[in-house]
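One structure is given below, encoded as structure tokens.
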Amino acid sequence: MLIEQRDSLRGEITVPGDKSISHRAIMFGALAKGTTEIEGFLMGEDCLSTIDCFRKMQVGIEILPGNKVRVHGNGLYGLKPHPANSPLNTGKSGTSIRLLLGILAGQPYNSTVVRDDSAQRKPVGRVVKPLRQMGANITGREDGNLCPLLVSPSKLKGIKYELSFVNNEIKSPLLIAGLYAEGETTIVQAVKTRDHTELMLNYFGADIKVDGLTATSRRIENLYAQKVEIPGDISIAAYFITAGLLTQNSDITIKNVGFNPTRTGFIDVYKKMGAKIEIFNERMAGNEKVADIRVVSSDLKACDIEGDIIPRLIDEIPIIAVAATKAKGTTTIKNLKGFKIKESGRVKAIVTELSKVGANIRETDDGLVIEGGKPLRGTIIESYNDASIAMSMSIAGLYAEGETMIRKAQVVDLAFPDFFPLLNNL
């Protein structure tokens, strides 16, 4: 994909439905009694893997025109065993496998869970171990750390589990398993983390109590179908927000974006850097906060990013690094050690590619240091088959001198097939 330098981006856009909420709408709709109507569903590969898994457990799911889905729920205790010769394949989706394990741990039948070949080496032990503490019977390669996994019937009991700063992905599977467990399942967070699970489960009739950093799940008789309006994905909106900030003479409005406070850390950082961002038309869709966002070109100044805000912007680290290359002064990002983004090599990848276009950026033991204000120049960029790297470097290409060529940019289709057409429209 060839990206040319631009001197203005203008227009009003919408971004696709939030992936995290889309996954949950299918899962909780499947576990609910009645028919759940979903609007704004993200028709991406990961979310379609979730649909496939629940269809195999005999849940009726209709995909309708206009990003709509209808889920004919089986009820909390109504899932059926999948065919023995057709395991539940969660594809490349980490969210699918984590949440699914929380559901399967409470089922009275055997389930086999697999992943696509490209994801087979990705560990799931962080989720399996605490589920085992609840009594779940999960076995697999490397003592349940790798797929394929076998989940066998067991009697679950509630536990109290304290999350560390970096293992936030454990919370949702445990809260879901708590719907089937005797007693209370209490999760104590080190910092406030994404709460889509708590919000949507309660919307469907669960009994999850949240008190500060503590969330408690209790066994219930059933969930009940709802109408779900899925807002635009703020993690996708982040690329267009950054493009508007960094490209001169720009004015972009993004409509109907999910504005859950656990996901808006990057906006807080951008405002600290002097960004001109307006949040308006705030409202509620289900239990989720939604808003429209207007952004105009801004002269950014560097800042330090660390501590409790990191879990609220962890997915946006690559595009924040891009923004920091144009900010006046030195931006430091700390406390990334232990997070998946660091362990997967994504931090190293964005450092390597931004360095190619002339940025003064280096990786540290637990983060990044970016000296802003140095002009960028277009060159050939690797995507690492990572949509976030490809999209981040595409935004950098809009203000880099000359042309920027992104290799294997088709990986973006997995996250957002209309990303480049939408960028062209601006």
| request: Being open to solvent by 10 Å² or more (accessible area, probe 1.4 Å) and either among the aliphatic types (A, V, I, L, M) or not in a helix (DSSP H, G or I) (or both) is the filter here, so list the residues in the range 111-120 that pass it. | output: T112, V114, R115, D116, Q120
| field | Condition check for I220: assigned to a loop (DSSP other than H, G, I, E, B) and of a type in the set (A, V, I, L, M) | value | yes
| request: Filter the range 188-229 for residues that are touching a residue at least 60 places away in the same chain (Cβ under 8 Å), more than 20 Å from M27 (Cβ to Cβ) and open to solvent by 20 Å² or more (accessible area, probe 1.4 Å) and give the result. | output: K192
| query | Is it the case that A243 is surrounded by 21 or more Cβ atoms within 10 Å (Cβ to Cβ) and without any contact (Cβ under 8 Å) to a residue 40 or more places away in the chain? | reply | no
| Among G258, G232, which is the only one that is closer than 22 Å to N424 by Cα, touching a Pro at 6+ places or on another chain (Cβ under 8 Å) and crowded, with 24+ Cβ neighbours inside 10 Å? | G232
| field | Considering residues of the range 275-300 that are among the small types (G, A, S) and without any contact (Cβ under 8 Å) to a residue 60 or more places away in the chain only, the residue nearest to G11 (Cα to Cα) | value | S297
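Looking at the range 32-44, can you tell me whether even one residue there is crowded, with 23+ Cβ neighbours inside 10 Å, closer than 21 Å to H82 by Cα, over 22 Å from the mean Cα position of the chain (by Cα) and of a type outside the set (S, T, N, Q)?
Within the range 32-44 (the criterion being crowded, with 23+ Cβ neighbours inside 10 Å, closer than 21 Å to H82 by Cα, over 22 Å from the mean Cα position of the chain (by Cα) and of a type outside the set (S, T, N, Q)), the answer is yes, since at least one residue qualifies.
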| request: State all residues of the range 369-400 that are in contact (Cβ under 8 Å) with a residue 60 or more places away in the chain and among the polar types (S, T, N, Q); if no residue qualifies, say none. | output: S388, S392, S394
| Can we say I320 is at pLDDT 95 or above and in contact with a strand residue (DSSP E or B) (Cβ under 6 Å, 6 or more places away or on another chain)? | no
| field | Matching entry among R362, R407 (being farther than 20 Å from S93 by Cβ and free of Cβ contacts under 8 Å to residues at least 12 places away in the same chain) | value | R362
| field | Selection from the range 130-172 of residues that are open to solvent by 30 Å² or more (accessible area, probe 1.4 Å), within 13 Å of G102 (Cβ to Cβ) and within 23 Å of the chain's Cα centre (by Cα) | value | Y161, E169
| remark: Of (1) open to solvent by 60 Å² or more (accessible area, probe 1.4 Å); (2) closer than 30 Å to Q248 by Cβ; (3) among the aliphatic types (A, V, I, L, M); (4) modelled with pLDDT of 95 or more, I13 fails just (1)
| Where residues in the range 335-349 are among the small types (G, A, S) and farther than 14 Å from S164 by Cβ, which of them is most open to solvent (accessible area, probe 1.4 Å)? | S344
| task | Kindly establish whether F280 is crowded, with 22+ Cβ neighbours inside 10 Å and touching an Asp or Glu at 6+ places or on another chain (Cβ under 7 Å). | result | no
| query | Quick one: would you say E184 is more than 18 Å from the chain's Cα centre (by Cα) and under 24 Å from N222 (Cα atoms)? | reply | yes
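The values are calculated or read from the model by the stated rules, or taken from the named source; none is laboratory data. These figures come from a predicted structure and were not determined experimentally. Note: ideal-geometry Cβ built from the backbone for every residue, glycine included; neighbour counts use all protein chains shown. Only protein heavy atoms, including side chains, enter the accessible area calculation; ligands, DNA and RNA are left aside. Shrake-Rupley method; radii C 1.70, N 1.55, O 1.52, S 1.80 Å.
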